[in-house]
Amino acid sequence: MQHDTRIFGLGESVRGMNKRGYLYESWCSDVPRQDEGTKSMYGSHNFFIVKESEGGKTFGVFFDTGSRVTFDFGYTDYSDICVSCQDTGVVLYVITADENRGNESVLMNITRQFRKIIGQSYIPPRWGFGYQQSRWGYRTEEDVRDIVNKHKELNLPLEAVCLDIDYMEDYKDFSVDKKKFPNMKSFAEELKSEGVRLIPIIDAGVKLLDGYEVYDEGKSNNYFCKKEDGETDYVAGVWPGRSCFPDFLRADVRKWFGSKYKNLTDLGIEGFWNDMNEPAMFYSDESLAAAFEKLEEFKGKNLDINTFFDFSAVSGSTFNRLDDYQRFYNRAEVIGKGEKALRHDYVHNLFGGKMTQAASEGLKELMPDHRTLLYSRASCIGSHRYGGIWTGDNNARWNHMETEIKMLPGLNMCGYLYSGADIGGFAEQTTEDLMLRWMALGIFTPLMRNHSAWDAREKELYRFSNKATDTFRDILNLRYALLPYIYSEYVKAAVTGGMFIRPVYFDYENDCRSLECQDQLFIGEGIMIAPVYKQNENGRMVYFPEPMIQVTWKDGKYETKKISKGDHYIRQPLDSVIFFVRKGKAVPLFKPAMNTSQMKNDKYTLLGKGKSYELYEDDGFTTDIHLEGRVRVLR
Ligand code: GLC
């Protein structure tokens, strides 16, 4: 690499938009305590673009493989890129820019070519762009009704409530605990009549329990991953305790698992989140036995500092172990070789993505005329065709909000247009100001969800001061006012292989200042945002590569002013949302509503200097998506 060579991409990964200077590993991982040092996240997204300095080369590289890949981007030697793969087949794509690309930047052109190779991104139903409220800990129908009512009372828009593992009976996939949700069907209907949907979770591990239909079917049909002998089901512990893992790499298993969603679609459910599908394993029978044996060694001993450390490490030692991933096998169709048993670690990165495929194909059979909402935790290149992703268990920290800003462009490059982080942080104790800032970012991400862990501070939008509730209402109103624009820009990006969220340098790749701009984003064609992500800062420096119109949204009203090209300090008080309309563009603002089912899309105003906006519209559900004949010109 030259002194200013830059590397962009790698989808779900920590650190900057420019990935140079660190070692990343593509290995789908359950990483509840992620930080700047984390090498692997939940997804495996092996695509990046190398951009040499002016006059140099720019090219994209995609390593197509299901096993571990290590990306040493100037970590061992700041001048070298070294990519190594585990010894399974790798198909390597090198993509250079198309000479006849017109006005398109080299970065965008390479990305578009890559996206053409990997296929069109998932498009959720329109309601998937509404605001989702979630928490691990909504235990009963009453809990959920209470959340919905509070939102209604306080005029806080609400599109959906996610049901975490609490809704299941003993954490069994596709079951509903009748004691907590006595009549899920009528409850789902009741909520839907108000425009609110339920989104239950489904986990990868199936509880090992004789008499439980899903387990019995999986066992008798040999649908679960096997040990080396090819006969014994592999068993590991997850939420329901000892569990088996459907072999999602097999088409027949995907068909079976996908058909199970019927248990819930029959109850009126139209959206799901798939979790723990890296797959996460808290322990295996083997690692647990080894841990207990080890603990015995310490019994009765005087534990000095070294032995005490060894002792403390034992219980955590069973979590997501490599040797456990090497203890079981997947059967998959290998090109030219028929179906083969493959040790799991060689195909590890495909597992979660294949679960998404199973769900997506199953849901398509169950509801052929209807797009359904689907997002997953684990993913790989390819599964972006079947569903979106949320970015897993983040923390209520300012630098995790910053991480999201920097991760979104990489996710979009890799086809994950439908993505977003747990707003305000999943774990740890959030604060009012972090929630306000993160919501102001969240209204621009296609997946907008406020989710938290059972032991984290309650953070529904009415749990903070009254003033904050008012601001949250305002922020949500802006989301709904922008929703037709967001939906329209999303569909256009998906259909054309574009990026719904882009860094500034994708449009200004020859502008050195833009190339350094790692915390500003273009949202669709017309909007730029520059979020404040530091506590107690009431504004920030923003770089404008072109003149723009600043829009200040506050108290349900907006004000606009012109901003010239260059650097400006932009004040962004906590009770407002600031965004910018790009040069020559128009952005429509519609009348907000409590959810998408109540939106009319008739009255609008156009922001910005552009004369018109081409709005893509459909019924919000159709599976037949095309731009022709669906665009209304707003003037
Ligand atoms: C995992 C998920 C999290 C969920 C929890 C319980 O940690 O990432 O979102 O709340 O499991 O199901």
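Working only within the stretch 133-147, note down all residues that are part of a helix (DSSP H, G or I) and either surrounded by fewer than 17 Cβ atoms within 10 Å (Cβ to Cβ) or within 16 Å of the ligand (Cβ to nearest atom) (or both).
Scanning the stretch 133-147 gives E142, D143, V144, R145, D146, I147.
Out of the residues in the stretch 444-481 that are part of a loop (DSSP other than H, G, I, E, B), in contact with a Leu (Cβ under 8 Å, 6 or more places away or on another chain) and within 14 Å of L156 (Cα to Cα), state the one that is farthest from the ligand (Cβ to nearest atom). Looking at the filtered set, the residue picked out is Y462. The number of residues in the stretch 72-89 that are more than 17 Å from R20 (Cβ to Cβ), crowded, with 16+ Cβ neighbours inside 10 Å and of a type in the set (V, I, T) comes to 0. Pairing each residue of the stretch 276-304 that is within 30 Å of I389 (Cβ to Cβ) and within 16 Å of the ligand (Cβ to nearest atom) with any residue that is part of a helix (DSSP H, G or I) and small (G, A, S), provided the two are 6+ apart or on different chains, yields C-beta distances under 6 Å for N277/G352; E278/G352. Residues in the stretch 277-287 that are buried (at least 24 other Cβ atoms within 10 Å of the Cβ) and not polar (S, T, N, Q) were compared, and the one that is farthest from the chain's Cα centre (by Cα) is M281.
Of the residues screened, D252 is not one that is under 27 Å from P368 (Cβ atoms) and within 16 Å of the ligand (Cβ to nearest atom). Among the residues of the stretch 587-635, those identified as more than 30 Å from the chain's Cα centre (by Cα) and of a type in the set (S, T, N, Q) are T605, S612. Among residues belonging to the stretch 314-356 that are in contact with a Lys or Arg (Cβ under 6 Å, 6 or more places away or on another chain) and farther than 16 Å from K227 by Cα, point out the one that is modelled with the highest pLDDT. Looking at the filtered set, the residue picked out is V314. Restricting attention to the stretch 314-330, the residues being over 15 Å from G66 (Cβ atoms) and assigned to a helix (DSSP H, G or I) number 6.
Let's see how each residue does on (1) of a type outside the set (D, E); (2) buried (at least 18 other Cβ atoms within 10 Å of the Cβ):
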position: G195; (1), (2): yes, yes
position: E213; (1), (2): no, no
position: N221; (1), (2): yes, no
position: K226; (1), (2): yes, yes
position: K260; (1), (2): yes, yes
position: G271; (1), (2): yes, yes
position: A289; (1), (2): yes, no
position: F292; (1), (2): yes, no
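The C-beta contact set for the stretch 432-452 (first residue more than 10 Å from R479 (Cβ to Cβ) and of a type in the set (F, W, Y), second residue assigned to a loop (DSSP other than H, G, I, E, B) and within 16 Å of the ligand (Cβ to nearest atom), distance under 7 angstrom, 6+ apart or interchain) comprises W438/I423; W438/G424.
The values are calculated or read from the model by the stated rules, or taken from the named source; none is laboratory data. Quick caveat: nothing in here was measured; it's all calculated off a predicted structure. As a convention, Cβ positions derive from the backbone with ideal geometry for all residues, glycine included, and neighbour counts pool all protein chains shown.
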